[in-house]
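Where a number appears in this text, it was derived from the coordinates with a stated rule and is not lab data. Keep in mind that this is a model prediction, so the values were computed, not measured. Here Cβ is always computed from backbone atoms with ideal geometry, including for glycine, and neighbour counts include all displayed protein chains.
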Amino acid sequence: MAMELEDLEVYQEANIIADEIWNIVLIWDYFQKPACRQGRDTIGKQIVKSFNRGLISDEKYSELKDKVYSLQKKLNGYIKFLRNNKPTGKQVN
């Protein structure tokens, strides 16, 4: 049985972090939201910008930074796994 995207821990964790960040962004003034909404910046860059502008506390910044760093390591591990386990092109039924 093939694993679904929603079953991947790294996918679930990414969604949790994205929801947490979006809940913070929702309380910002309209003019501070566009970069997040348009996806021009990476999540990490957006967190740093928010911290530098005083939009999030030191504690929340550290918490999000740690979560994103942990997710980054998991994503890199998953990418390595996929590279090392490329399909051979033969389908098994």
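Can you tell me the FRET efficiency between ILE24 and PHE81 if r is taken as the Cβ-Cβ distance and R0 is 30 Å, rounded to the nearest 0.05? Please list the in-between numbers first.
Values: r = 31 Å, r/R0 = 1.04.
E(calc), rounded to 0.05, equals 0.45.
Phi angles across segment 65-72 convert, under the Karplus curve 6.51 cos²θ - 1.76 cosθ + 1.60 with θ = phi - 60°, into 3J(HN,Hα) values of 4, 5, 5, 5, 5, 4, 5, 4 Hz, Gly and Pro given as x. Cβ-to-Cβ counts within 10 Å put LEU75, LEU5, LEU64, LEU55 in ascending order as LEU5, LEU75, LEU55, LEU64, the fewest first. Here ASP7 and TYR61 are evaluated by their C-beta separation; at R0 = 35 Å the FRET efficiency comes out at 0.70.
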